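Participant: What follows is a single structure, and I will ask about it in a moment.
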Amino acid sequence: LNPDEKVVHLAFRPSNKDIFLLVETCRKLEVIQLPKSYKRTASRAIEMFLEMQKVQLLEGDVWGHRKDIKEYYTIPPSIISKIRSMKTEILSCEKNAEKVAQEIKLNPKMVFYILNKGG
């Protein structure tokens, strides 16, 4: 992994050691995204560790785990612009956030992360 990674999706059930190594390797890490079933099994110790490191643990899926899919996925600037242009609408109602997230195939919490990130 690139040490400058800010958002990482893990398509496997990470051990505590995996999480510690990830945070140690990627010093600028802000978000770890895990599939729903894996996030549910994350230990309270890891949740507290990530909280202390100011790393969010988000639930979310990639659209299929296949070997021919690129290792990196960059959210297109047009999607980020769309999210930011709808900020008032999204923040006014959770259902709006879910609708936008569904349209652009992102988890609602990832939409909020993008909004809060600014820039």
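The values are calculated or read from the model by the stated rules, or taken from the named source; none is laboratory data. Keep in mind that this is a model prediction, so the values were computed, not measured. Quick reminder, even Gly has a Cβ in these numbers, built from the backbone with ideal geometry, and neighbours come from all protein chains shown.
Participant: Taking region 27-39 on its own, how many of its residues are touching a strand residue (DSSP E or B) at 6+ places or on another chain (Cβ under 8 Å) and over 13 Å from Lys54 (Cβ atoms)?
Facilitator: Looking only at region 27-39, we keep the residues that are touching a strand residue (DSSP E or B) at 6+ places or on another chain (Cβ under 8 Å), and these are 29-36, 39.
Cutting the leftovers down to over 13 Å from Lys54 (Cβ atoms) gives us 33-36, 39.
Matching residues across region 27-39 total 5.
Participant: Quick test for you: out of Lys54, Lys87, Lys39, pick the one residue that is under 18 Å from Lys117 (Cα atoms) and either surrounded by 17 or more Cβ atoms within 10 Å (Cβ to Cβ) or at pLDDT 90 or above (or both).
Facilitator: Within the list Lys54, Lys87, Lys39, the selection yields Lys54.
Participant: So, of the residues in region 4-23 that are assigned to a loop (DSSP other than H, G, I, E, B) and surrounded by 13 or more Cβ atoms within 10 Å (Cβ to Cβ), which turns out to be modelled with the lowest pLDDT? If you could, list the steps in order and put the result at the bottom.
Facilitator: First, the residues of region 4-23 that are assigned to a loop (DSSP other than H, G, I, E, B): 4-6, 10-15.
Restricting the remaining residues to those that are surrounded by 13 or more Cβ atoms within 10 Å (Cβ to Cβ) gives 5-6, 10-11, 13-14.
Numbers: Glu5: 90, Lys6: 91, Leu10: 87, Ala11: 81, Arg13: 88, Pro14: 91.
Top of the filtered list is Ala11.
Participant: Now a separate question. State whether the residues of region 24-31 include one that is within 16 Å of the chain's Cα centre (by Cα), assigned by TED's automatic domain parsing to the domain that holds Glu51 and assigned to a strand (DSSP E or B).
Facilitator: Yes: region 24-31 contains one or more residues that are within 16 Å of the chain's Cα centre (by Cα), assigned by TED's automatic domain parsing to the domain that holds Glu51 and assigned to a strand (DSSP E or B).
Participant: Give the residues of region 72-92 that are assigned to a helix (DSSP H, G or I) and of a type outside the set (Ser, Thr, Tyr), sorted by residue number.
Facilitator: Residues of region 72-92 assigned to a helix (DSSP H, G or I): 77-85, 87-92.
Within region 72-92, Pro77, Ile79, Ile80, Lys82, Ile83, Arg84, Lys87, Glu89, Ile90, Leu91 meet the criteria.
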